[in-house]
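Undergrad: Attaching a single structure in structure tokens format; questions to follow.
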Amino acid sequence: GNSVTQMQGQVTLSEEEFLFINCTYSTTGYPTLFWYVQYPGEGPQLLLKVTTANNKGSSRGFEATYDKGTTSFHLQKASVQESDSAVYYCVLGDDTEGADRLTFGKGTQLIIQP
Amino acid sequence: EAAVTQSPRNKVAVTGGKVTLSCNQTNNHNNMYWYRQDTGHGLRLIHYSYGAGSTEKGDIPDGYKASRPSQENFSLILELATPSQTSVYFCASGADSGNTLYFGEGSRLIVV
């Protein structure tokens, strides 16, 4: 079956530092890859998505490249702000059964210190 | 205005009791989902639906039932609640495949 691995449970940075959150995936299909972000007290919301292998997605300064060769979809941001503090989920979308089923990673808590 | 609303937002239930979590969406999406969120596990899919009258098992359906009486409403039912079902539950809706899911704000359930 499908799986998503996020090894970093928590990342702590200072403002304006570079962010890198590692994500790898496993699937036998042709998935869509997403990053969702969850702020305290809210449900997850889409940050960015990429539907085609070897393409890059970007939003609000965040970037991720769907690398089919290394089965990775790492999230990066050049300069983080305190408002970026949240939980980030790497997500694999699978349409093989007709409804878009998402497989979530365990999430990475991002803490930005002022 | 929130497009996916869940009720109740907080619930304390007794072991063995019946719990119903309700979800309403105004997005006119065909697909609806129920996930649970636990520390160390991320979000896991319990049940989902393609449309009114349809329910499908997700990855962890044991101990849960689902009901989709209309396009707008999707309920999660715990017939005999257990402490292991203490969690935060999220409902989501989505259009055709490959599109974004829109989540509600979550329902926190504690089973004592």
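The values are calculated or read from the model by the stated rules, or taken from the named source; none is laboratory data. Here the structure is a predicted model, which means the values were calculated and not measured. Ideal geometry is used to build each Cβ from the backbone, glycine not excepted, and the neighbour counts take in all protein chains shown.
Undergrad: For the stretch B:98-108, what are the residues that are touching a residue at least 12 places away in the same chain (Cβ under 8 Å) and outside any strand (DSSP E or B)?
TA: Correct list: B:Gly104, B:Glu105, B:Gly106.
Undergrad: Considering each residue of the stretch B:76-92, count those that are touching a Leu at 6+ places or on another chain (Cβ under 7 Å) and of a type outside the set (Val, Ile, Thr), and give that number.
TA: Here the count works out to 6.
Undergrad: Regarding the stretch A:24-44, can at least one residue be identified that is at pLDDT 95 or above, more than 30 Å from B:Ala3 (Cα to Cα) and away from chain B (no Cβ under 14 Å)?
TA: yes
Undergrad: A further question on this structure: Collect the residues in the stretch A:4-23 that are in a strand (DSSP E or B) and away from chain B (no Cβ under 14 Å), keeping them in residue-number order.
TA: Matches in the stretch A:4-23: A:Val11, A:Thr12, A:Leu13, A:Ser14, A:Leu19, A:Phe20.
Undergrad: Shifting gears a bit: Let me spell it out: the conditions are (1) over 10 Å from the mean Cα position of the chain (by Cα); (2) surrounded by fewer than 22 Cβ atoms within 10 Å (Cβ to Cβ); (3) within 25 Å of A:Tyr89 (Cβ to Cβ); (4) not aliphatic (A, V, I, L, M), and B:Gly16 meets all of them except one. Which number is the exception?
TA: Unmet condition: (3).
Undergrad: A further question follows. Where in the stretch A:50-114 are there strands (runs of 3 or more DSSP E), lying fully within it, with 1 or more residues that are away from chain B (no Cβ under 13 Å), within 14 Å of the chain's Cα centre (by Cα) and buried (at least 17 other Cβ atoms within 10 Å of the Cβ)?
TA: A:62-65, A:75-77, A:86-94, A:108-113
Undergrad: Sort out which residues of the stretch B:92-112 are facing another protein chain (nearest Cβ under 7 Å) and closer than 19 Å to A:Tyr89 by Cα, and write them in order of number.
TA: Across the stretch B:92-112, the qualifying residues are B:Gly94, B:Gly98, B:Asn99, B:Thr100, B:Leu101, B:Phe103, B:Gly104, B:Glu105, B:Gly106.
Undergrad: So if I check each of A:Thr108, A:Thr103, A:Thr65, A:Thr70, which one is within 18 Å of B:Tyr33 (Cβ to Cβ) and among the polar types (S, T, N, Q)?
TA: A:Thr103
Undergrad: For residues in the stretch A:34-48 being touching a residue at least 24 places away in the same chain (Cβ under 8 Å) and part of a strand (DSSP E or B), which is farthest from the chain's Cα centre (by Cα)?
TA: That would be A:Gln38.
Undergrad: Could you say whether any residue in the stretch B:72-90 is away from chain A (no Cβ under 14 Å), closer than 27 Å to A:Asp95 by Cα and not in a strand (DSSP E or B)?
TA: Yes, the stretch B:72-90 contains a residue that is away from chain A (no Cβ under 14 Å), closer than 27 Å to A:Asp95 by Cα and not in a strand (DSSP E or B).
Undergrad: Tell me, which residue of the stretch B:31-51 that is in a loop (DSSP other than H, G, I, E, B) and among the small types (Gly, Ala, Ser) is nearest to the other protein chains (Cβ to nearest Cβ)?
TA: Filtering the stretch B:31-51 for residues that are in a loop (DSSP other than H, G, I, E, B) and among the small types (Gly, Ala, Ser), the one nearest to the other protein chains (Cβ to nearest Cβ) comes out as B:Gly40.
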